[in-house]
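These notes are about the structure you will find just below.
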Amino acid sequence: MNTSKIKGYFKKLLYQLRLFAAECLIPAVLLNLCIEGFSRESVIRPFFYMIQSPLVFLYNTLLICVTLTVSFFFKRRKFVRFLICVLWLATGITDFVLLQFRTTPFTAVDLLLLDSAFSIMGHYLTVFQIILVVLAILLVLGLGIFLFLRTKKETVGTSRIYAGLVFGLFLLASTGFTNLFMSCGVLERNFGNLAQSFHINGLPYCFFSSILNTGISKPASYSEEEIDRIVSSITASPAPTATPVPQSGATPLPTGTPDSTGSPDATSAPAPEGSDKQTITEHPNFIFLQLESFFDPTLIKGAEFSKDPVPNFRRMKENFSSGFLTVPSIGAGTANTEFEILTGINLDFFGPGEYPYKTVLKDTVCESIAFNLSSLDLTSHAIHNNDGTFYGRHTVFSQLGFDTFTPIEYMGSYPTTPLGWAKDSILTEQIMKALHSTEGQDFIYTISVQGHGAYPEEPVLEHPVITVDALPEELSDSYYELLYFVNQLYEMDRFLAYLTATLEEYEEEVVLVLYGDHLPTFPFTDDLMENGSVYETEYVIWTNRPAGAPVERDVEAYGLSAHVLNLYDIHEGLFTRFHQTNAESKTYLEDMELLAYDVLYGSYESYDGVVPYYPTKLQFGLDPIRVRSAHLHDELKDYFCLFINGDNFTPYSTAYINGEKCKTTYINSQLISVIGFDLTEELNIRVAQVGADSYPLSYTNEITISLAPALYERN
């Protein structure tokens with residue numbers, strides 16, 4: 001090869017590099033500043049970030065450059081580059097919007113939650129805002145079509161080879177810098193506080209990490225021998241001695257008022273050691289109550305209220321076992337706290353921002369407190385006064401061993417908050433219904449929703465029961481939001497009073513474990529909290545059979561269920577016993593990660609290679625919904641209305657006629673009506689429970705009615 005040809009190749013390569021600088025590098029710098037501006041909710045802060053962390057800024061610019069170089073492979077280079085820029089800007093804008101309603105930034109896992117997001121969009125955005133979003137999308141589509149039609153096609157030819165070299169060069173450089181910066185500590189490998197990590201490492205790096213880093217990475221020490229060592233340490237350890245039952249009747253609670261929890265007057269000893277698993281009456285009923293955004297607002301430094309927002313919860317803390325509960329998120333992530341409580345697995349082992357409900361648990365069965373208590377013949381129920389499909393619970397709860405699931409679609413009429421969320425007062429009836437649904441003992445996992453945001457920034461309560469009299473300066477802009485929130489807390493606290501008063505009268509022993517899933521979406525910081533952490537809520541273990549002294553202990557969410565069961569001398573399950581026996585081990589977290597990887601992604605060495613759990617056949621609702629009869633009303637000649645009689649209909653009951661979904665009107669629990677359907681000789685009728693996302697959770701039996709030819713011919 002002569003010298004002139006070599007020079008020609010280098011000239012073409014240099015041309016591609018100059019083209020790259022003009023068409024990719026400069027746009028990448030501008031894009032990086034824009035998306036970091038959205039992420040930091042500021043026009044100025046991105047420039048401080050660029051000056052204070054130049055290596056991180058340049059690295060993230062390089063990542064954006066790599067995506068833009070893809071455009072060189074296409075003839076319509078400008079159009080493709082426009083699409084890539086739009087995607088980056090959309091990522092920044094989405095992050096900005098989400099940060100207005102929660103404290104965790106936008107990650108790739110959020111894309112798996114789009115179905116759930118659409119179902120609750122009305123709680124966060126006004127009609128006007130939704131219209132603006134639609135118009136913005138249409139504008140971008142219109143501009144994209146214009147560019148596609150008007151931009152000239154570029155000559156590609158051999159330039160694709162050089163484009164490939166440039167793309168490969170910068171991809172290789174980004175990979176090398178990623179490894180170098182992580183090893184030097186310039187970039188974080190693991191994200192403890194997701195919001196802070198996005199600001200430290202930059203949105204592009206963190207977002208790509210959320211795409212590439214999912215699940216639990218295989219630990220370097222994972223082996224059959226290591227798992228055997230951990231399992232042996234669990235089985236070799238003596239069963240933990242049950243400490244005194246964590247309740248006290250030393251200070252009787254007042255009764256007869258809506259703000260009381262009732263006066264405990266009955267006592268009984270805890271279940272004896274070595275209890276016979278066949279004798280289910282030796283174990284109490286367990287109710288776990290996960291309260292949406294619930295916490296004691298008097299923990300906010302400098303905050304003052306006209307009256308105590310949570311008087312009943314406070315009395316329960318004083319008289320029953322309690323403590324601070326470290327949860328995996330703030331402002332959002334209900335399902336992740338739920339995951340840790342139910343499975344005993346630390347969420348930190350997973351990728352940044354990941355929801356195991358939307359990833360591994362979609363098709364993987366997992367040990368849980370529901371499975372473990374089923375070995376003691378407890379029936380497991382899940383209850384949630386919100387959509388059953390949210391976070392994929394309608395499928396995940398089967399993988400976690402629940403027997404029944406009662407979401408809002410299976411509840412009757414209910415009161416709502418000014419924001420449209422169901423109030424928690426409806427849950428008492430559903431909990432009692434679950435307790436009465438079996439002859440034996442029950443495990444009931446209840447998820448509330450009343451405290452959910454987004455909280456209104458203007459006054460919506462005409463006569464608030466509680467007023468906010470003082471706030472720290474950092475929260476001064478959140479006055480109306482906090483005013484609304486503490487009044488919802490007060491109602492939730494009254495619900496706790498009614499629930500515990502009702503459980504007081506229940507003939508069987510009941511243990512109620514209640515806790516907040518995370519702090520609400522306010523600009524809280526550790527310095528603003530009396531307890532010094534925004535990742536802490538509180539829990540209480542209440543019972544209608546108090547005995548012994550309260551046990552005060554701060555726990556992690558993944559250790560709460562093991563702690564509760566240990567107090568009642570129950571040690572069923574691998575993770576339950578692991579937490580009960582190995583919590584003080586120096587390799588506690590490392591060993592927990594090995595076990596978690598093994599049972600979710602590994603070879604199941606913990607179970608001798610055979611998974612002992614199978615998905616349950618999840619029953620939706622406790623009351624069977626049936627169709628008994630139907631009749632056609634045609635007195636108006638040209639207007640047909642079908643009335644369907646049955647049992648346990650709810651406002652979510654939707655009729656399907658000949659397989660077609662029909663507009664359905666709820667009249668009462670035994671009657672619904674249908675209009676706007678096609679008449680045929682035979683009508684095959686069944687009813688489904690359909691939530692906000694139009695997904696049918698279950699169907700009733702099908703009945704068929706025959707029509708006179710004159711009727712369907714007239715149609």
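The values are calculated or read from the model by the stated rules, or taken from the named source; none is laboratory data. Just so we're clear, the structure is a prediction, and the values are computed from it rather than from any experiment. Heads up, the Cβs are rebuilt from the backbone with ideal geometry, glycines too, and the neighbour counts pull from every protein chain shown.
Each residue in the range 509-533 was checked for being β-branched (Val, Ile, Thr), modelled with pLDDT under 95 and more than 18 Å from the chain's Cα centre (by Cα), and 1 of them qualify. For beta carbons closer than 8 Å, sequence separation of 6+ or different chains, a first residue in the range 622-651 that is within 16 Å of CYS662 (Cβ to Cβ) and a second that is at pLDDT below 90 and small (Gly, Ala, Ser), the qualifying pairs are PRO651/GLY412; PRO651/SER413. Between TYR558, TYR604, which is in the same structural domain as LYS433 (by TED's automatic domain parsing) and within 25 Å of the chain's Cα centre (by Cα)? Criteria check complete, one pass: TYR558. Of all the numbered requirements in (1) of a type in the set (Val, Ile, Thr); (2) surrounded by fewer than 24 Cβ atoms within 10 Å (Cβ to Cβ); (3) modelled with pLDDT of 95 or more; (4) under 28 Å from THR428 (Cβ atoms), THR281 misses one, and that requirement is (3). Output yes when any residue across the range 360-374 is buried (at least 24 other Cβ atoms within 10 Å of the Cβ), farther than 26 Å from PRO520 by Cα and among the polar types (S, T, N, Q), and no when none is. Yes: one or more hits. Quick check on ILE383: is it assigned by TED's automatic domain parsing to the domain that holds VAL468, at pLDDT 95 or above and more than 22 Å from MET592 (Cα to Cα)? The answer is yes for ILE383. In the range 506-544, the residue that is farthest from LEU567 (Cα to Cα) out of those that are part of a strand (DSSP E or B) and among the hydroxyl-bearing types (Ser, Thr, Tyr) is THR537. Number of residues in the range 467-514 that are touching a Pro at 6+ places or on another chain (Cβ under 6 Å) and among the polar types (S, T, N, Q) equals 1.
Scanning for something under 21 Å from LEU325 (Cα atoms) and crowded, with 23+ Cβ neighbours inside 10 Å, does the range 579-589 turn up at least one residue? Yes. Of all residues in the range 612-640, those satisfying the criterion of being in contact with an Asp or Glu (Cβ under 9 Å, 6 or more places away or on another chain) and either of a type in the set (Asp, Glu) or modelled with pLDDT under 90 (or both) are ASP623, PHE640.
For the range 574-616, filtered to residues that are in a loop (DSSP other than H, G, I, E, B) and aliphatic (A, V, I, L, M), the residue that is farthest from GLY215 (Cα to Cα) is ALA583. When the criteria are applied in full, SER183 meets the requirement of being more than 23 Å from GLY331 (Cβ to Cβ) and at pLDDT below 85. You will find that of LEU697, LEU642, LEU671, the residue that is surrounded by fewer than 16 Cβ atoms within 10 Å (Cβ to Cβ), among the aliphatic types (A, V, I, L, M) and either under 32 Å from the mean Cα position of the chain (by Cα) or not assigned by TED's automatic domain parsing to the domain that holds ALA434 (or both) is LEU671 and no other. For the range 448-464, the count of residues that are outside any loop (DSSP other than H, G, I, E, B) and in the same structural domain as LYS307 (by TED's automatic domain parsing) is zero. Where residues in the range 601-620 are in contact with a strand residue (DSSP E or B) (Cβ under 8 Å, 6 or more places away or on another chain) and of a type in the set (A, V, I, L, M, F, W, C), which of them is nearest to GLU367 (Cα to Cα)? Residue satisfying both the conditions and the ranking: LEU618. Reported count of residues in the range 465-481, each being part of a helix (DSSP H, G or I) and buried (at least 22 other Cβ atoms within 10 Å of the Cβ), is 0.
The number of residues in the range 200-224 that are assigned to a helix (DSSP H, G or I), surrounded by fewer than 18 Cβ atoms within 10 Å (Cβ to Cβ) and touching an Asp or Glu at 6+ places or on another chain (Cβ under 9 Å) comes to 2.
Considering the range 548-572, the residues that are touching a helix residue (DSSP H, G or I) at 6+ places or on another chain (Cβ under 7 Å) and hydroxyl-bearing (Ser, Thr, Tyr) include one that is surrounded by the most Cβ atoms within 10 Å (Cβ to Cβ), namely SER561. One residue alone among ARG77, ARG81, ARG40 is closer than 29 Å to THR334 by Cβ and in the same structural domain as LEU141 (by TED's automatic domain parsing), and that residue is ARG40. If you filter the range 684-714 down to residues that are more than 14 Å from HIS394 (Cα to Cα), polar (S, T, N, Q) and in a strand (DSSP E or B), you find that the one that is modelled with the lowest pLDDT is SER706. Scanning the range 377-416 for residues that are buried (at least 20 other Cβ atoms within 10 Å of the Cβ) and part of a loop (DSSP other than H, G, I, E, B) yields LEU378, ASN385, ASN386, ASP387, GLY388, THR389, LEU400, GLY401, PHE402, ASP403, PRO407, MET411.
Exactly one residue out of ASN312, ASN336, ASN372 is within 26 Å of the chain's Cα centre (by Cα), in a helix (DSSP H, G or I) and more than 25 Å from ALA195 (Cα to Cα), and it is ASN372.
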